[in-house]
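Here's the structure, in structure tokens; my notes come after.
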Amino acid sequence: MEKSKILVVEDEAPIQELLLFNLERNKYKVQMVESGEEALIAVRKAPPDLILLDVMLPGTDGLEVCKRLKADPQTEHIPIIMLTALSEEADIVTGLELGADDYITKPFSPRILLARVKAALRRTRNFKKPAATSDELIRIHDILIDIARHRVEVKGAPISLTFTEFKVLQLLASQPGRVFTRYQIVDAVHGDDYPVTDRSVDVQIVGLRKKLGEAGQCIETVRGIGYRFMEEE
């Protein structure tokens, strides 16, 4: 199998060395650049399979790079994982809403980094499969979501959900592991049975977890950011 190519956009030498060592040791092909301008040139010259993108860069910062790549049909499909300092919560939210797939805060564990990279690449491969049909079924963590019939079962038992609860569950379960901000959930749902706002998303999640029982633990809170659905091992 061909090695996945990862573009690392980072200007701090110690972090460059840490990323290069761990990624190459795990059989990834790595290209390293140090600025936003270099990143944009590198992506258009030879699109990578994934980008590790630091937020704080000289010149064009990481958020602007993410914005440009996600706005371009030729590069919007490339998964982007933001690298950010722990205190930059606002940048994390902004990056996710610009289209970043995930984020990692500095300092980070190499094991967590590699797990996030692997998960993002896996989601991209799954996304490239043929588009879902109207009778699509989502099966994950003992949960069955029948999109065509607007029906949800947990361990074979039917669960009654409102329109908005169903749409929230469908969104999260369709891309397990991906972090969704509250605003992204609002934009995707537009419920007609409940006035959906970023604040009311929390109410929807509480209701969903309660109705799903033990399976509700699969909906994880990403503090200060939003929610994600737990991936199956």
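The values are calculated or read from the model by the stated rules, or taken from the named source; none is laboratory data. All values derive from a computational prediction rather than experimental measurement. Here Cβ is always computed from backbone atoms with ideal geometry, including for glycine, and neighbour counts include all displayed protein chains.
Could you list, in sequence order, all residues of region 46-61 that are out of contact with any strand residue (DSSP E or B) (no Cβ under 9 Å at 6 or more places or on another chain) and either at pLDDT 95 or above or of a type in the set (Gly, Ala, Ser) (or both)? Gly59 - this is the single residue of region 46-61 that is out of contact with any strand residue (DSSP E or B) (no Cβ under 9 Å at 6 or more places or on another chain) and either at pLDDT 95 or above or of a type in the set (Gly, Ala, Ser) (or both). Among the criteria (1) crowded, with 18+ Cβ neighbours inside 10 Å; (2) touching a helix residue (DSSP H, G or I) at 6+ places or on another chain (Cβ under 8 Å), the one Glu38 does not fulfil is (2). Scan region 23-63 for residues that are among the hydroxyl-bearing types (Ser, Thr, Tyr) and closer than 20 Å to Phe108 by Cβ and the total you get is 1.
Of all residues in region 134-177, those satisfying the criterion of being surrounded by fewer than 17 Cβ atoms within 10 Å (Cβ to Cβ), at negative phi and of a type in the set (D, E, K, R) are Asp135, Glu136, Arg139, Asp146, Arg149, Arg151, Glu153. Of all residue pairs spaced 6 or more apart or on separate chains, those with beta-carbon atoms under 7 Å, a first member in region 59-85 that is surrounded by fewer than 20 Cβ atoms within 10 Å (Cβ to Cβ) and a second member that is among the hydroxyl-bearing types (Ser, Thr, Tyr) and part of a strand (DSSP E or B) are Ala85/Thr105.
Residue-wise test of (1) at positive phi; (2) modelled with pLDDT of 95 or more; (3) not β-branched (Val, Ile, Thr).
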residue	(1), (2), (3)
Val8	no, yes, no
Leu40	no, yes, yes
Asp72	no, no, yes
Ile78	no, no, no
Ala85	no, no, yes
Glu88	no, no, yes
Leu96	no, no, yes
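Do you know which residues across region 40-78 are under 19 Å from Glu24 (Cα atoms) and among the β-branched types (Val, Ile, Thr)? Once the filter is applied, which keeps residues that are under 19 Å from Glu24 (Cα atoms) and among the β-branched types (Val, Ile, Thr), region 40-78 yields only Ile51.
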